[in-house]
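What follows is calculated from the coordinates using simple rules that are stated; it is not laboratory data. All values derive from a computational prediction rather than experimental measurement. All Cβ positions, glycine included, derive from the backbone under ideal geometry; neighbour counts span all protein chains shown.
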Amino acid sequence: MKKLIFCTLMTVLCSLPMSAQKRGQRLSPEEMVNKKVEQLDKMLTLTDSQEKSVRSLYTDFYSKTIKREERKTKMEELNKSIEALLTDEQKKAFTEWNSKKAQRTGKKK
């Protein structure tokens with residue numbers, strides 16, 4: 001009985017570092033695009049044409065290697081391009097989402 005408990009405990013302890021490693025992995029550009037488009041679609045209820053356009057914009061953005069200094073301006077350009085595709089109601093929700101996101105990232109720093 002002691003051996004069984006010991007083996008179970010060791011299995012659990014050995015598997016913890018493996019799960020921690022998976023959480024630290026970065027998403028591929030395709031996964032990032034899918035994640036962002038899904039978030040926006042859920043929040044804004046995008047039409048099919050809007051979804052295709054937004055997917056294209058995010059694909060272009062994440063396929064490029066952007067220097068850290070340029071990332072903020074490129075992200076602002078991306079957001080303006082996305083806003084141009086949205087209805088007035090969607091723009092309002094998108095702007096609110098971006099401002100909340102900016103507040104969260106500002107608190108981390």
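Using a Förster distance of 35 angstrom, determine the FRET efficiency expected from the C-beta separation of L27 and K2, and round it to 0.05. Approximately 0.20, to the nearest 0.05.
Does the stretch 29-108 classify as rounded, prolate or oblate by the C-alpha gyration tensor (a ≥ b ≥ c root eigenvalues; a/c under 1.5 gives rounded; else a/b over b/c gives prolate, otherwise oblate)? Oblate, because a/c is 1.5 or more while a/b does not exceed b/c. The 3J(HN,Hα) values that the Karplus relation (6.51, -1.76, 1.60; θ = phi - 60°) gives for the stretch 39-51 are, in residue order, 4, 5, 5, 5, 7, 10, 6, 5, 6, 4, 5, 5, 4 Hz. Gly and Pro appear as x.
Ranked for footprinting exposure by Cβ neighbours inside 10 Å, fewest first, K80, K52 give K80, K52. Hey, what did the stretch 36-95 get for relative contact order, percent, Cα under 8 Å, at least 6 apart? The value is 43 percent.
Pairs exceeding 20 Å between alpha-carbon atoms, taken from K42/K67; K35/K67; K36/K101: K42/K67; K35/K67. 3J(HN,Hα) couplings calculated from phi for the stretch 95-103 with the Karplus curve 6.51 cos²θ - 1.76 cosθ + 1.60 (θ = phi - 60°) are, in sequence order, 5, 4, 4, 5, 5, 5, 5, 5, 5 Hz; Gly and Pro show x.
Shown for M32, M1: other C-beta atoms within 10 Å of each C-beta, ranked fewest to most, produce the order M1, M32.
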